[in-house]
Amino acid sequence: MTDTYVCPYCGATEHREYRVRLILLTCPECGENGRFLNEELVEVLDEIPDDELPEEWSELPADQRLHRAMERGLVDSDRLQLL
């Protein structure tokens, strides 16, 4: 089984033969080093209603969005346990 991981800066994807919440690597597309989130985590973030998002949301890389969403209780922790 192959899982997809998303660059927190540019959205480029990488595929790996293992399943974890995130991987650390340098993006071959944008050159940034960061925490690539499992694609399923990105989908969880995309489901947060716009009216609940902090003002700076669109300026944050995806990994920081996840951290901010968890701090504010915007994501269901049970869904995160499934990964």
- Query: Could you give every pair whose Cβ atoms fall below 7 Å, whose first residue belongs to segment 30-42 and is under 18 Å from residue 70 (Cβ atoms), and whose second residue is at pLDDT 95 or above and hydroxyl-bearing (Ser, Thr, Tyr), counting only separations of at least 6 or pairs across chains?
  - Reply: 34/9; 36/5; 37/5; 38/5; 39/4; 39/5
- Members of segment 51-74 found to be at pLDDT below 90 and either within 20 Å of residue 33 (Cα to Cα) or surrounded by 10 or more Cβ atoms within 10 Å (Cβ to Cβ) (or both), listed by number: 54
- In segment 1-31, which residue that is of a type in the set (A, V, I, L, M) and part of a strand (DSSP E or B) is surrounded by the most Cβ atoms within 10 Å (Cβ to Cβ)? 6
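The values are calculated or read from the model by the stated rules, or taken from the named source; none is laboratory data. Since the structure is predicted, the reported quantities are computational estimates derived from the model, not experimental observations. A quick note on method: Cβ atoms are made from the backbone with ideal geometry, for glycine too, and the neighbour counts reach across all protein chains shown.
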